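The values are calculated or read from the model by the stated rules, or taken from the named source; none is laboratory data. Being a predicted model, the structure only gives us computed values, none of them experimental. Because the Cβ atoms are built from the backbone with ideal geometry, glycine has one as well, and the counts that use them run over all protein chains shown. To get the accessible areas, we keep the full protein, side chains included, count just its heavy atoms, and leave off ligands, DNA and RNA. Shrake-Rupley method; radii C 1.70, N 1.55, O 1.52, S 1.80 Å.
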Amino acid sequence: MNHQAYISAISHWVPEKVLTNADLEKMVDTNDEWIRSRTGIRERRILEDGKASSDMGAEAVKLLLKQRGIGAEEIDAIVVATVTPDMFFPSTANLIQDKIGAKKAFSFDIAAACSGFIYALSVGSQFINTGTCKKVVVVGTDKMSAITNYRDRNTCVLFGDAAGAVLLEPNDGKEGAVVDFMLHSDGSGADYLHMKAGGSLYPATVETVANDWHYIFQDGRTVFKFAVQNMADISVRILEKNGLEGKDIKLFVPHQANLRIIDAAVKRLGIDYDKVAINIDRYGNTTAATIPLAMSESFQAGKLEVGDYVVLATFGAGFTWGSALLKWGIDREKISE
Ligand code: UT7
């Protein structure tokens, strides 16, 4: 019996409120031209106060279940990637499990920052591949606005809020498959991209708050150099490992941190721009959500057919980076919604 995992449904959810470059010009010393030319971002979405990553994740999962035409009680496991959990514990996955009523599912979070979705996809796939589970939901959800310092122009122009989700099931002879993964970590990168306080090293104090240590810190230039090199490498290497070339893939879905980082990977892959999922202009960097969000929008736009090869690639805090090779398995004609 072939238990290989495939993506059987995909969805995303974004908040309505839009924060434009013009809005940011009124908040910090920045301008639309700088943001667009250095990052490719025009606007991003911001979740309302009183709502959290689990709310966005739950909305995305509800859409996922509707698309697949199944109930929440059929889910066996929920794996959530996030750097903005609602709270330290319980996990955001537990909160989503409760919000959607997935009573049978066990649920837990994964911490791999911008690589979180690909890491979570790899973990979720193992539960299917081993035959342990029949239906695993993988979510990437981040309310980056909760940890963004809107007085720091180096970071506040970059991030936004969103969620994306996929359902994994055994392909049982169907064409779709999660074919392969490549995952990497280099913890010496921690100095360059982190949120310093709130953990066990620097628990919240008046000083940590006054020092802005509960916000994202990024040495953008250093992260940029590592990201350009590693995201391009990992995209090419997963193709080589599987005996494929750029021309063989239908869609490249890169993490959306900076259009210039995406450009570098696209050049190394030698693929046409119309094969690249890009939505950074509308959402900015939504961390764990960028890849499922971009892949879901591409699917909705009719860019994916059963049997197409898809490459996912990412680079983020940790440092962490990785790629995944998928064979597309959702038939647009056959989905419920
Ligand atoms: O998703 C996780 C992984 N993260 C990434 O992959 C992000 C990687 N890094 C980047 O995308 C880029 O480094 C940034 C977009 C963060 C910055 O772009 P950059 O071209 O590397 O700019 P820079 O940091 O080298 O700054 C260039 C100049 C500086 O001024 P000086 O020192 O040259 O006078 C900055 O102060 O641009 C200035 N600057 C800004 N100016 C206007 C920085 N932020 C802004 C801003 N508006 N928002």
Notebook entry, point to check: Over its Cα atoms, what ratio of radius of gyration to 2.2 N^0.38 Å does segment 181-337 give?
Noted result: 1.18
Check: At a probe size of 1.4 Å, how large is the accessible area of Cys114, to the nearest 10 Å²?
Finding: 20 Å²
Note to self: Which of Thr30, Thr320, Thr84 ends up with the largest GNM mean-square fluctuation for the chain, with Cα atoms connected below 10 Å?
What the structure shows: Thr30
Check: Can you pull the accessible area of His12 for me, 1.4 Å probe, Å² to the nearest 10?
Finding: 30 Å²
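What is the local net charge at Thr222, summed over the other residues whose Cβ is closer than 14 Å to its Cβ (Lys, Arg +1; Asp, Glu -1)?
Numbers: positive: Arg221, Lys225; negative: Asp186, Asp191, Asp219.
Cβ neighbours under 14 Å give a net charge of -1.
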Notebook entry, point to check: Among Val253, Leu183, Gly270, whose Cα sits farthest toward the positive end of the charge dipole of segment 178-334 (+1 at Cβ of Lys/Arg, -1 at Cβ of Asp/Glu, about the Cα centre)?
Noted result: Gly270
Checklist line | Where only C-alpha atoms are counted, convex hull volume of segment 266-337 per residue in Å³ | finding: 117 Å³
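Return the calculated 222 nm mean residue ellipticity for the chain, to the nearest 500 deg cm²/dmol, obtained by summing -39500 (n - 2.57) across DSSP H runs with n ≥ 4 and dividing by the residue count. The partial results should precede the final answer.
Values: 11 runs with 109 residues, N = 337.
That calculation yields -9500 deg cm²/dmol at 222 nm.
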Margin query: Can you tell me which aspartates and glutamates have their Cα less than 18 Å from the Cα of Lys134? Leave out same-chain residues fewer than eight positions away.
Written below: Glu73, Glu74, Asp76, Glu169, Asp172, Glu175
Notebook entry, point to check: Using the alpha-carbon centroid of each, what span in Å lies between segment 262-324 and segment 89-103?
Noted result: 27 Å
Notebook entry, point to check: How large, in Å, is segment 87-144 by the Kirkwood hydrodynamic radius built from its alpha-carbon pairs?
Noted result: 12.2 Å
Next item on the list: Quick one: angle between helix 53-68 and the longest Cα principal axis of the chain, in degrees between 0 and 90, rounded to 10, please.
Entry: 20 degrees
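Multiplying the sequence separation of Phe88 and Asn149 by 0.36 nm and subtracting their Cα-Cα distance, what value in nm do you get? Write down the numbers at each step before the final one.
Working: separation 61, 0.36 × 61 = 21.96 nm, distance 2.00 nm.
Difference between extended and current length: 20.0 nm.
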Item checked: Label zone at Val306, where the point sits 7 Å out along the Cα-to-Cβ direction: segment 168-194 residues whose backbone N lies under 19 Å -> 168-179
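Stokes-Einstein D for segment 116-252 at 4 °C, 1.567 mPa s, Kirkwood Rh over Cα pairs, in µm²/s? Display every interim value, and only then the final one.
Working: Rh = 18.2 Å.
Translational D for this selection: 71 µm²/s.
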Notebook entry, point to check: For the Cα atoms of the chain, what angle does the longest principal axis make with the long axis of helix 116-129, in degrees from 0 to 90, nearest 10?
Noted result: 20 degrees
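Under a 1.4 Å probe, what is the accessible area of the chain per residue, stated in Å²? The partial results should precede the final answer.
Numbers: 14380 Å² over 337 residues.
Value for the chain: 43 Å² per residue.
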Margin query: Give the residue list of trypsin sites (Lys or Arg not before Pro) in segment 150-195 that are DSSP loop and have at most 11 other beta-carbon atoms within 10 angstrom.
Written below: Arg151
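If contacts are Cα pairs under 8 angstrom and at least 6 residues apart, what is the relative contact order of segment 26-183 in percent? It would help to have the intermediate numbers written out before the result.
Working: 271 pairs, mean separation 44.9, N = 158.
Contact order relative to length: 28 percent.
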Margin query: With the crude spin-label approximation of a point 7 Å out along Cα→Cβ, what separation in nm comes out for Asp272 versus Asn211?
Written below: 5.3 nm
Notebook entry, point to check: Nearest 20 debye, what's the magnitude of the dipole of the chain about its Cα centre given +1 on Lys and Arg Cβ and -1 on Asp and Glu Cβ?
Noted result: 280 debye
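Once you keep just the Cα pairs under 8 angstrom separated by 6 or more residues, what percentage relative contact order results for the chain? Let's see the in-between values first.
On the way: 841 pairs, mean separation 87.8, N = 337.
The value is 26 percent.
Nearest-5 percent of antiparallel DSSP beta bridges in segment 5-174? Each step should come with its number before you reach the end.
On the way: 19 of 29 bridges.
Around 65 percent antiparallel, to the nearest 5.
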Item checked: Rg/Rg_ref, the chain, where Rg_ref = 2.2 N^0.38 Å and atoms are Cα -> 0.94
